[in-house]
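*Asks:* If you scroll down you'll find the structure; I have some questions about it.
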Amino acid sequence: MTAERDYPMNQWYCAAFADEISVNPLARTICDRQIVLYRDTAAKVVALTNRCPHRKAPLSDGQVIGDNIECPFHGMLFSPAGTCLDIPSQTVIPKAAHVRAYPAEERHGHVWLWMGDAAPDPSLVPDMHRMTDPALSEVHGMLELHCPWLAALDNLLDDTHLAFVHRNSIGTPKMVKAEIDIAGDNDWVGFSRWTYDTPPSAMHAAAGGFKTNVDRWFNVRFAKPSTVLIDVGSAPIGSGAPQGDRSKGISLFSNGTVTPVTANTCLYFWHTARTFNLGNAEFSRTMRGHMETTFLEDKTILEAVQRNRVCDGEKLPQLNLSGDVVTIRARRIIASLIERERA
């Protein structure tokens, strides 16, 4: 089993939404690395180690001056490349007076950092285009979870918990017993599940105005190292959705990515884009509230599980069920990434 503190490093992790980063420094911890983010005069994202090499002061408490950032303690000035440009108290700049710069990619409303030592591969940035698709309306947010990142990822890939953890929001009783179609290879895994002639979930009933039973789809795809793409929706029974005609229903692209912070904490960046009530700001506020309620339900159970794990004096073995097959395959993909980096 992969150790919780093991992260595949030669990968892209989401550091922030693009609208979080400005000329005001932002502190984030990713894979046990403290990082400061800001924008330079060209609005390009800069990501540096968030510790001055002199006395380890957080650069995020300093100020951005032009393209550079100044240490709040003794005024050392660092460029976007991490090079020390000035030490006010002396003229000589030691070779050790620099900080690491992390490659950053801003794409589809997300800012991704390459955490490893290998050359970054932009083609590996997860595809989150739904968030900025002009044909859709979206809401997004970020949640801090006090649990290992792999536990959060497991949760996103496990739809068998929906009928129980989310019984009052997005879950329906039939989902857990519906037939599942699993696909994938050495780099990805996903599944599709349909529930036919079923009562709509509370959220789908409110969003789609459904008064009778619906056909519901739930398509999930894992993209390494920690992104989950979800295509979910409901349509009136007999309206043709299973055959590909979703026009009479509602579609939601509820995508998210988990970023490891420490061994037992992580960040979950989520966004939900919809095909209905486009441009309706009031509905977006309502939808955001529904999504936040749903993710807080996840947070409650995940953190309760983590408290049990930390205090497991009996060292009870973990039992896997048939519904865990997708999460197990995703963990194997992650473990193989780590093994290749160590080889």
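*Asks:* If I ask for residues that are surrounded by 12 or more Cβ atoms within 10 Å (Cβ to Cβ), not in a helix (DSSP H, G or I) and not hydroxyl-bearing (Ser, Thr, Tyr), which ones from segment 172-186 would you list?
*Replies:* So the first thing to find is which residues in segment 172-186 are surrounded by 12 or more Cβ atoms within 10 Å (Cβ to Cβ), and the list is 172-176, 178, 180, 182, 184.
Add one more test, that the residue is not in a helix (DSSP H, G or I), and what stays is 172, 178, 180, 182, 184.
Within segment 172-186, ALA178, ILE180, ILE182, GLY184 qualify.
*Asks:* Return yes or no: is ALA241 buried (at least 23 other Cβ atoms within 10 Å of the Cβ) and either touching a Lys or Arg at 6+ places or on another chain (Cβ under 7 Å) or among the aromatic types (Phe, Trp, Tyr) (or both)?
*Replies:* Working: buried (at least 23 other Cβ atoms within 10 Å of the Cβ): yes; either touching a Lys or Arg at 6+ places or on another chain (Cβ under 7 Å) or among the aromatic types (Phe, Trp, Tyr) (or both): no.
It is false that ALA241 is buried (at least 23 other Cβ atoms within 10 Å of the Cβ) and either touching a Lys or Arg at 6+ places or on another chain (Cβ under 7 Å) or among the aromatic types (Phe, Trp, Tyr) (or both).
*Asks:* Which one of ALA81, ALA97 is on the phi < 0 side of the Ramachandran plot, within 29 Å of the chain's Cα centre (by Cα) and of a type in the set (A, V, I, L, M)? Working first, answer last.
*Replies:* Numbers: ALA97 fails: within 29 Å of the chain's Cα centre (by Cα).
Criteria check complete, one pass: ALA81.
*Asks:* What's the total number of residues in segment 23-42 that are over 21 Å from THR83 (Cβ atoms) and open to solvent by 40 Å² or more (accessible area, probe 1.4 Å)?
*Replies:* 3
*Asks:* May I pose another question? Filter segment 66-83 for residues that are more than 21 Å from ALA42 (Cβ to Cβ) and open to solvent by less than 70 Å² (accessible area, probe 1.4 Å) and give the result.
*Replies:* Step one: list which residues in segment 66-83 are more than 21 Å from ALA42 (Cβ to Cβ), which gives 71-76.
Hits for segment 66-83 are CYS71, PRO72, GLY75, MET76.
*Asks:* Could I ask something else about it? Residues in segment 5-16: is at least one in contact with a Phe, Trp or Tyr (Cβ under 8 Å, 6 or more places away or on another chain), in a loop (DSSP other than H, G, I, E, B) and of a type in the set (A, V, I, L, M, F, W, C)?
*Replies:* The answer is no, given that none of the residues of segment 5-16 is in contact with a Phe, Trp or Tyr (Cβ under 8 Å, 6 or more places away or on another chain), in a loop (DSSP other than H, G, I, E, B) and of a type in the set (A, V, I, L, M, F, W, C).
*Asks:* For segment 44-76, how many residues are free of Cβ contacts under 8 Å to residues at least 12 places away in the same chain and either touching an Asp or Glu at 6+ places or on another chain (Cβ under 9 Å) or among the acidic types (Asp, Glu) (or both)? Step through it out loud before you land on a result.
*Replies:* Of the residues in segment 44-76, the ones free of Cβ contacts under 8 Å to residues at least 12 places away in the same chain are 56, 70.
Okay, now just the ones that are also either touching an Asp or Glu at 6+ places or on another chain (Cβ under 9 Å) or among the acidic types (Asp, Glu) (or both), so 70.
Here the count works out to 1.
*Asks:* Return yes when ALA151 is within 20 Å of TYR7 (Cα to Cα), surrounded by fewer than 22 Cβ atoms within 10 Å (Cβ to Cβ) and at pLDDT 95 or above and no when it is not.
*Replies:* Values: within 20 Å of TYR7 (Cα to Cα): yes; surrounded by fewer than 22 Cβ atoms within 10 Å (Cβ to Cβ): yes; at pLDDT 95 or above: yes.
Yes: the conditions hold for ALA151.
*Asks:* Quick one: would you say THR300 is over 23 Å from GLY190 (Cα atoms), open to solvent by 50 Å² or more (accessible area, probe 1.4 Å) and over 18 Å from the mean Cα position of the chain (by Cα)? Before you say what the answer is, go through the steps one by one.
*Replies:* Working: over 23 Å from GLY190 (Cα atoms): yes; open to solvent by 50 Å² or more (accessible area, probe 1.4 Å): yes; over 18 Å from the mean Cα position of the chain (by Cα): no.
When the stated conditions are applied, THR300 does not pass them.
*Asks:* Additional query: Only one of these is exposed (fewer than 12 other Cβ atoms within 10 Å of the Cβ), assigned to a loop (DSSP other than H, G, I, E, B) and in contact (Cβ under 8 Å) with a residue 24 or more places away in the chain: GLY279, GLY313. Name it. Spell out the reasoning first.
*Replies:* Working: GLY313 fails: in contact (Cβ under 8 Å) with a residue 24 or more places away in the chain.
Just a single option satisfies the conditions, and that option is GLY279.
*Asks:* For segment 50-77, enumerate the residues that are among the aliphatic types (A, V, I, L, M) and part of a loop (DSSP other than H, G, I, E, B). Spell out how you get there, then give the answer.
*Replies:* Residues of segment 50-77 among the aliphatic types (A, V, I, L, M): 57, 59, 64-65, 69, 76-77.
Hits for segment 50-77 are ALA57, MET76.
The values are calculated or read from the model by the stated rules, or taken from the named source; none is laboratory data. Model, not experiment: these values are computed from the prediction. Ideal geometry is used to build each Cβ from the backbone, glycine not excepted, and the neighbour counts take in all protein chains shown. Note: areas computed on protein heavy atoms with side chains; ligands, DNA, RNA excluded. Shrake-Rupley method; radii C 1.70, N 1.55, O 1.52, S 1.80 Å.
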